[in-house]
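Here the structure is laid out as structure tokens; the discussion comes afterwards.
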Amino acid sequence: MKYIEIIAEEGSSDTILAIADKAKARDIRLGMVSDDGMRQTRMLVTDDQLQTALDALQHILGAQPTSQIVVLPVETALPKSEEDKTKKSPATAARESLYEEVEKNAHLNANYIVLVILSTLVAAIALIENNVAVVIGAMVIAPLLGPNLALSVGTALGDTDLMLKSARTLLVGIFLAIILSAAIGYFWQFGEISHELMSRTVVGIDSAVLALASGAAAALSLTTRLSSILVGVMVAVALLPPATTLGIMLGKGNIDFAIDAGLLLAVNIVSVNLASKVVFYIKGVSPRTWYEKERAKKAMRIYLIVWFVTLAILITFIYTRTVLK
């Protein structure tokens, strides 16, 4: 449940009341009219009606440059209605809150660069030393998962700017992790290749299935606001360990193992994007206006085809390598 606070011209009050009725608002309060002719209004709406109310308010109040719409969280509301008691599944997160949550992960800034460097160092040392606990710790840091999910949300919303920013951030993070781990692999004189390193050079159909399931779970965690699921996703389909393994193997000059680690990394990236895009489409994550929706649908179809074909090519290549070995 959310409180929507609206600051709009007094003449819009009747329209806001109609929107509240359409969104089945639990409560609505009209405030006093200020000296500048603006009125503050609050309405209490359920999560499943939040997007309906926001879309209608933005459409009506968009022409008022001084209007404001603020969404406030509600921890609990008492007494609970019969509908609240029988409701079993969480509603899809509002488009705006979903966008705000993932957009910050698309920024290529100093914090992201430092996080990638630190997590790569942690992952490289853990992989070389065969320290499972520390490898899991590097997975949970997961700096590469954020821009990957932001790319999927950008596609679902047809937001080209978010797509480009998240793709750039993801690519820079991957290349930085590979280059740094390659330097570690070149200068660190270690003997036998550890089991943790070897496990990141094993890729098969099961790897794609795991990444698809994890990508779907990640998208569900965002749309249903169940953020605790993301921790499991970070561990299940981590992008950093295979990227680090790829770099270490390149640094050691072991091209065959490097190719396998690169395939695992590619399968994880493609599968997470493909599965999350399907979930966002099913959950109805889309832009507000008709024109934007049509553009987003076209972009979604194109990207689904591209990712599906890419995954099919990767699986075929993996199968061929397995047979030849």
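Could you identify the single residue in ILE248, ILE229, ILE255 that is at pLDDT 90 or above and surrounded by fewer than 20 Cβ atoms within 10 Å (Cβ to Cβ)?
Working: ILE248 fails: surrounded by fewer than 20 Cβ atoms within 10 Å (Cβ to Cβ); ILE229 fails: at pLDDT 90 or above.
When all the criteria are applied, what remains is ILE255.
Note on region 54-69: among residues that are surrounded by 14 or more Cβ atoms within 10 Å (Cβ to Cβ) and in a loop (DSSP other than H, G, I, E, B), the one that is nearest to the chain's Cα centre (by Cα) is SER67. Listed by first and then second residue, the pairs linking a residue in region 17-33 that is more than 16 Å from GLN58 (Cα to Cα) and in contact (Cβ under 8 Å) with a residue 40 or more places away in the chain to a residue that is of a type in the set (S, T, N, Q) and in a strand (DSSP E or B), with Cβ atoms under 7 Å apart and 6 or more places separating them unless they lie on different chains, form an empty list.
When GLY191 is evaluated against the numbered criteria (1) closer than 27 Å to GLU101 by Cβ; (2) modelled with pLDDT under 80, which criterion, by number, is the only one it fails? Failing condition for GLY191: (1).
Is region 44-63 home to any residue that is over 26 Å from GLY284 (Cβ atoms), outside the structural domain of THR224 (by TED's automatic domain parsing) and not aliphatic (A, V, I, L, M)? No, region 44-63 has no match at all. Quick check on THR201: is it in a loop (DSSP other than H, G, I, E, B), touching a residue at least 40 places away in the same chain (Cβ under 8 Å), polar (S, T, N, Q) and in the same structural domain as ALA106 (by TED's automatic domain parsing)? Considered against the rule, which asks whether it is in a loop (DSSP other than H, G, I, E, B), touching a residue at least 40 places away in the same chain (Cβ under 8 Å), polar (S, T, N, Q) and in the same structural domain as ALA106 (by TED's automatic domain parsing), THR201 comes out as yes.
Between ALA138, ALA106, which is touching a Pro at 6+ places or on another chain (Cβ under 7 Å), modelled with pLDDT under 80 and hydrophobic (A, V, I, L, M, F, W, C)?
Details: ALA106 fails: modelled with pLDDT under 80.
Sole residue among the options that is touching a Pro at 6+ places or on another chain (Cβ under 7 Å), modelled with pLDDT under 80 and hydrophobic (A, V, I, L, M, F, W, C): ALA138.
For region 249-260, which positions are over 19 Å from PHE187 (Cβ atoms) and hydrophobic (A, V, I, L, M, F, W, C)? Matches in region 249-260: ILE259 only. Evaluated against (1) modelled with pLDDT of 85 or more; (2) touching a Pro at 6+ places or on another chain (Cβ under 9 Å); (3) within 19 Å of GLY154 (Cβ to Cβ), PHE308 falls short on exactly one condition, (2). Kindly indicate whether any position in region 146-158 is on the phi > 0 side of the Ramachandran plot and under 25 Å from the mean Cα position of the chain (by Cα). For region 146-158, residues on the phi > 0 side of the Ramachandran plot and under 25 Å from the mean Cα position of the chain (by Cα): present. Taken together, the residues in region 184-198 that are surrounded by fewer than 14 Cβ atoms within 10 Å (Cβ to Cβ), hydrophobic (A, V, I, L, M, F, W, C) and in a helix (DSSP H, G or I) amount to 1.
The values are calculated or read from the model by the stated rules, or taken from the named source; none is laboratory data. The shown structure was predicted, so the numbers you read here are calculated from the model rather than taken from an experiment. Neighbour counts are summed over all protein chains in view; Cβ atoms, including those assigned to glycine, are modelled from backbone coordinates with ideal geometry.
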